[in-house]
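**Q** Take this structure first; my questions come after.
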Amino acid sequence: MWLTLITSALLAPAGNEPYFEFLKWPYVDKIVHLGCFTILAFLMAGATKMWLSKKWWIIVSVGSFYGLLIEWLQIAIPGRSFEWQDWVADTMGAVIGCFAFMLLYQRKG
């Protein structure tokens, strides 16, 4: 469900997003990308349990590749463009989400 939500939000034509004043702040779109991919990786880590076998890098790689795919698809969408900084934010979010889940699980265990 989260994957569907972020895909539709990140692939919507520009100008269709709701108006909130904070969306005009500098670099807020990078923070949105970071947050979306942090949550995505956190959910993937919990669902797959790959991090238990020290294969957390697979989750990060999938998140990074998905971010790259989204950026590439945005080339064809009116008002959108490929931004490598967004891809970096996506990848950083995947790293943060994966490690946040691992830290949380270690504290519980």
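The values are calculated or read from the model by the stated rules, or taken from the named source; none is laboratory data. Note that this is a predicted model, so its numbers are computed, not measured. Cβ atoms come from the backbone with ideal geometry, glycine included; neighbour counts cover every protein chain shown.
**Q** Here is a check on your reading of the model: is PHE65 at pLDDT 95 or above, surrounded by 19 or more Cβ atoms within 10 Å (Cβ to Cβ) and under 14 Å from the mean Cα position of the chain (by Cα)?
**A** In short, no.
**Q** Something else: Return only the number of the condition from (1) touching a residue at least 24 places away in the same chain (Cβ under 8 Å); (2) surrounded by 16 or more Cβ atoms within 10 Å (Cβ to Cβ); (3) not charged (D, E, K, R) that ALA100 does not satisfy.
**A** Failed condition: (2).
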